[in-house]
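The values are calculated or read from the model by the stated rules, or taken from the named source; none is laboratory data. Just so it is clear, the structure is predicted and the values come from calculations on it, not from any experiment. Cβ placement follows ideal geometry from the backbone for every residue including glycine, while neighbour counts extend to all protein chains displayed. Areas reflect the complete protein model, heavy atoms only, side chains present, ligands, DNA and RNA absent. Shrake-Rupley method; radii C 1.70, N 1.55, O 1.52, S 1.80 Å.
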Amino acid sequence: MTFDAAILVGGAGRRMGGAVKPLLEFEGRRIIDRQLEVLKPRFESLALCTSKPEPFADVGLPILPDPIAGAGPLAGLVAALTWSQAEHVFVVAGDMPHLNGPVIDYFLAVARKNPDADVIATRIDDVTQPLHAVYRRGSLSSWQRHFRAGARSLARVIENDSGVATEWVDSDELRRIDAQLSFARNVNYRAELA
């Protein structure tokens, strides 16, 4: 089974005055650099998904344009699944500085055991975490259908049992690897960067 990875970096950063969050420093390093340190050893191919490529010119990865600029994470997923040649794509938000290699490895192991699942995701405190998940490339047409129908929220599509086969990763199992479940935390406010 093969896996690629895509980092969704097209968020508007509204709560941070329009900042490009993946390029902000967290504990002395850019968030994107922290992420790549964890992702590069695990995935053969990596890409960035955004409609605003200019800030990421120095990252050295392919930049996949969203099918519709500003259309949210579902647009980034469609771009990633269209680009990838692997059977599955690990998708992560570009504002998550605490990626955890063993947690990602656990998600990949679950995907290997459930090759027909369209998405491997978890819930934390009953909140679906669609931007730290594995998506099956073979489900692209389903995601495209939801996108064309106006869906923009990955979580809503997954939660509404709308023809997407989901394998849920037990967050209690993940706590054995990452006790605080830090891997799923994103940065929304400048105070969180300190």
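Here is how the numbers come out for the structure above:
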| quantity | calculated |
| --- | --- |
| Sole residue being of a type in the set (Ser, Thr, Tyr) and surrounded by 14 or more Cβ atoms within 10 Å (Cβ to Cβ), chosen from 139, 162 | 139 |
| Among (1) under 25 Å from residue 156 (Cα atoms); (2) open to solvent by less than 40 Å² (accessible area, probe 1.4 Å), the one test that residue 67 misses | (2) |
| Residue match in the range 99-119 (condition: in contact with a Ser or Thr (Cβ under 8 Å, 6 or more places away or on another chain), touching a residue at least 24 places away in the same chain (Cβ under 8 Å), among the small types (Gly, Ala, Ser) and assigned to a loop (DSSP other than H, G, I, E, B)) | yes |
| Pairs with Cβ under 9 Å, 6+ apart, first in the range 45-60 and over 19 Å from residue 4 (Cα atoms) and in contact (Cβ under 8 Å) with a residue 40 or more places away in the chain, second small (Gly, Ala, Ser) and open to solvent by 20 Å² or more (accessible area, probe 1.4 Å) | 51/10; 51/69; 51/70; 52/10; 52/69 |
| Candidates 100, 114 - the one that is among the polar types (S, T, N, Q) and under 22 Å from residue 188 (Cα atoms) | 100 |
| The range 42-53, subset outside any strand (DSSP E or B) and under 18 Å from residue 95 (Cβ atoms), residue most open to solvent (accessible area, probe 1.4 Å) | 52 |
| Residue match in the range 89-96 (condition: in contact (Cβ under 8 Å) with a residue 24 or more places away in the chain and surrounded by fewer than 18 Cβ atoms within 10 Å (Cβ to Cβ)) | no |
